[in-house]
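What follows is a set of notes on a single structure, which appears directly below.
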Amino acid sequence: YYASEGLKTCLVIQSQDPTAEQLMGCKIGSSLTECAANLSTIKLETCKMLLEPLDRLKKVDAQSNLTQGVLEGIVGEELGVLPGMDSICSVLSLQKLLNFFSVGTNSPQGEFDVVVYDCNNTEEFLRLTGATERARSYLKYVRELAEKTDIGRLASPSLLKLIYDAARPNGRTGEVRMSAEIWNEIEQLLEKISLWFTDPSKLACFLVMDPRGSISVSSALRYWGCTIQAGAQICGAFGYAEDPSEMHQGVAEKFLPLSFSSLPFLPTDSSADWGRALNSLNQNTKGLLRNTSKVYPSVSFDSAQKSVTLFMPGFDKSEIKLYQYRGGSELLIEAGDQRRVIKLPPAMQGKVGGAKFVDRNLVVTIR
């Protein structure tokens, strides 16, 4: 649809499942391939993506000689993929397409107008969306270890510079930076990327379900809440059915205030008839795909009542745990295998006086 609207579009998949190739009717490889007008495809394969960051480390190390030739002796093709590497490498690949490391107003845009990312699994994507915000917490403690311990003061400046220079575009090393400057720059970069991931006009997430299946609907409701907990925003919900008349109004009501629309059913036993599928899209569906900036706020503050309201669809009261740290300046909410920190405005900071769960909302009162 996006490609048919004239937008330069890229489909990114990260799976060995051949379904996407069958539906698209073209071979999807580890390099960008033009599949149709305005539409390119690529398959992220971690064993190949490992080679580039290693090569960049080698180039920087050759100038600083930090590892005294140890890195040079490592053959990238010999390295196997360990758990967790898929997510890290996928971020680096998506960065090339989206350029979210450079988020200033004058920063160059990515190669594509729209990138459709079909990731390995939902849980991994949720970790990805919240990774930079969580990483800021870890960064604070790692920096303390580096600056306040003997071994940290000895080893961290060289290691930090090696990683920093290797991560910079084209591995440039001409600029001399002090460790404190590098730490501060990493913190600022993580903060900017966190804002990118929470901006629905940059990262639009949609729920897709079979409206006839109660399990599918329940799963969509659950992942709605989990996505909010991870720090991203759901922009709308779609139901797919062979007969659009089978769409039930009662299902759409469960997802209010989200917009709910239909998608054409695509059988997976042959290549999809994309012309027919695009012609079957109704105006509601097209509008939902185009307008992604309208979202329901997940947190609201009432200074007069000194209360915080957190929208938490898909959860019940027994699944939510509430903690408070930092002298009453923050709330920590645990649900859906995610922990979320809510920073309170200065005028509302204090100890929790009570909490209740009403109509998908957790209402916390501050004393």
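The values are calculated or read from the model by the stated rules, or taken from the named source; none is laboratory data. Everything numeric here is computed off the predicted structure, so don't read it as measured data. Please note: Cβ atoms are built from the backbone with ideal geometry, for glycine as well, and neighbour counts cover all protein chains shown. We work out accessible area using only protein heavy atoms, side chains counted, and drop any ligands, DNA or RNA first. Shrake-Rupley method; radii C 1.70, N 1.55, O 1.52, S 1.80 Å.
Below is a table of values for the structure above.
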item: Number of the exception - E34 against (1) more than 30 Å from R276 (Cβ to Cβ); (2) modelled with pLDDT of 80 or more; (3) among the charged types (D, E, K, R); result: (1)
item: Test: S303 is within 25 Å of L126 (Cα to Cα), polar (S, T, N, Q), open to solvent by 70 Å² or more (accessible area, probe 1.4 Å) and in contact (Cβ under 8 Å) with a residue 12 or more places away in the chain; result: no
item: Unmet requirement for T285, which otherwise passes all of (1) touching a residue at least 24 places away in the same chain (Cβ under 8 Å); (2) within 25 Å of T129 (Cα to Cα); (3) open to solvent by 30 Å² or more (accessible area, probe 1.4 Å); result: (3)
item: Search result, residues across segment 306-316 that are farther than 12 Å from L344 by Cα and open to solvent by 30 Å² or more (accessible area, probe 1.4 Å); result: G314, D316
item: Cβ pairs under 7 Å, 6+ apart, first in segment 261-275 and at pLDDT below 80, second assigned to a loop (DSSP other than H, G, I, E, B); result: S271/G25
item: Evaluation of A241 against (1) farther than 28 Å from D17 by Cα; (2) surrounded by 14 or more Cβ atoms within 10 Å (Cβ to Cβ) (one fails), failing number; result: (1)
item: S15 being surrounded by fewer than 17 Cβ atoms within 10 Å (Cβ to Cβ), under 26 Å from L289 (Cα atoms) and touching a strand residue (DSSP E or B) at 6+ places or on another chain (Cβ under 8 Å); result: yes
item: Cβ-Cβ under 8 Å pairs, at least 6 apart or on other chains, segment 8-20 side closer than 15 Å to S40 by Cβ, far side among the aliphatic types (A, V, I, L, M) and part of a loop (DSSP other than H, G, I, E, B); result: C10/L32; L11/I28; V12/L44; I13/I28; I13/L44; A20/I28
item: Complete set of residues in segment 317-352 that are closer than 18 Å to S303 by Cβ, among the small types (G, A, S) and open to solvent by less than 50 Å² (accessible area, probe 1.4 Å); result: G328, S329, G350
item: Enumeration of residues in segment 194-214 that are over 30 Å from L139 (Cβ atoms), open to solvent by less than 40 Å² (accessible area, probe 1.4 Å) and at pLDDT 90 or above; result: L207, M209, D210, P211
item: Odd one out for G174, checked against (1) at pLDDT 85 or above; (2) over 28 Å from S137 (Cα atoms); result: (1)
item: Failed item, numbered, when V217 is tested on (1) over 30 Å from E133 (Cα atoms); (2) open to solvent by less than 20 Å² (accessible area, probe 1.4 Å); (3) among the β-branched types (V, I, T); result: (1)
item: Complete set of residues in segment 117-146 that are open to solvent by 60 Å² or more (accessible area, probe 1.4 Å), touching a residue at least 60 places away in the same chain (Cβ under 8 Å) and outside any helix (DSSP H, G or I); result: D118, N120
